[in-house]
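Data first, discussion second: the structure below is written as structure tokens.
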Amino acid sequence: MLLQTGLRLSRPIACRTYATATSPHALVFLEHRKGVIEAGSLSALTAAKQLGGQVSALIVGDSEHVNGVVEQAKKLQGLTSVLHSTSSQYAEPLPEVLTPLFEKLLSDSSFTHVVSATSSSAKSVLPRVSARLDAPTVSDVTSVEHDASTNSTTFTRPIYAGNAIATVKAPSAIPIKFFTVRGTAFAPTPSEDGASVEAKEVEPVQVADPLTQHIKTTIAKSDRPDLGVASRVVSGGRALKDAKTFEATLYPLADVLGAAVGASRAAVDSGYADNSLQVGQTGKVVAPELYMALGISGAIQHLAGMKDSKLIVADPDAPIFQVADVGLVADLFEVVPQLVEQLKKD
């Protein structure tokens, strides 16, 4: 179903002029973790390129990592320029610390769009910056199209747990259009051998006595692929009974398949798995080549996080089978060990 929203976001903000109304210039917030660019940011870059104009990247961080990330970014396909800002305050970017830098960059520039992945950090930063500039943010977009003749941009984004698609149009009355991108909807931008673009340093904006401080970041360590970008995912639900059974059943299968492990919210709430493994509307959105749903009934919130998977394997007697491609007609506690043994032989 396609929804055309009746609301048009057209409240004017401070008057600004551009050299031409037909040439978009997007600023992409490239996030990185310990010197490695996040996959979601590479998807955001792909979305920005679809606007049809110039694309600049913004990289922030401390002196230990920024230079390396800049070198990676300079090789990304389709970038026009790379902006970077280095400060100890940017080591663990906080919205209150980054907002002044964004305001400085956008207050006197030709940028027409600001783009990022739909990450926990960007979901805090972009709305804060756009609110400061009296502009809206369109979140979790799955497609983008810019009309150069009217200088308007049209987005689509899922609503109602993915059961409907809203079409949102940001008109020319909004000089800077902010949006975050659903990573699974856009392919990551590849690197290009021999490519190199201009890199420009931006002076950081120091924030005296920020109201919030970063205490620590805790990341679940695993030798398996990252759930958000894995090409294969094996997920378990409440039917796996307890944490010990969850691990004994799913982990060997995931290991032999080279897959990431996921979980339904019911399994996470029951203590079977860490919340970093949750797939669904309030967890991670995935779209792997293979998604195996074992012991999962298929609540609408779970479907919102995985129904774009290319091949879905599920129990034919469960509601999730409505979106599945293959049915697993067997007792999962019997068939999964057999499947593991067979895969090891192959």
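The values are calculated or read from the model by the stated rules, or taken from the named source; none is laboratory data. Note that the coordinates shown come from a computational prediction; the quantities given were computed from them, not determined experimentally. The accessibility values were calculated without ligands, DNA or RNA, using every heavy atom of the protein model including side chains. Shrake-Rupley method; radii C 1.70, N 1.55, O 1.52, S 1.80 Å.
A few remarks follow.
- A 1.4 Å probe, protein heavy atoms only, puts the accessible area of residue 238 near 150 Å².
- Folded to 0 to 90 degrees: helix 243-257 orientation relative to the chain principal axis, Cα: 70 degrees
- Candidate aspartates and glutamates - alpha carbon under 16 Å from residue 344, same-chain residues fewer than 8 apart omitted: 255
- Amide hydrogen neighbours beyond the local backbone of residue 281, cut-off 5 Å, H modeled: 302, 304, 305
- Taking a straight line from the alpha carbon of residue 74, these aspartates and glutamates sit under 14 Å away, with near neighbours fewer than eight places off in the same chain left out: 192, 193, 198, 201.
- Cα-Cα over 29 Å, subset of 123/200; 177/310; 34/284; 200/310: 177/310; 200/310
- Computed from Cα positions, the angle between helix 332-345 and the longest principal axis of the chain comes to roughly 80 degrees.
- Percentage relative contact order, the chain, counting C-alpha pairs under 8 Å, at least six apart: 16 percent
- Accessible surface, per residue, of the stretch 53-183 when the full set of protein chains is kept, probe 1.4 Å, Å²: 36 Å²
- Note: relative contact order over the stretch 238-329, using C-alpha pairs below 8 Å and six or more positions apart, is 21 percent.
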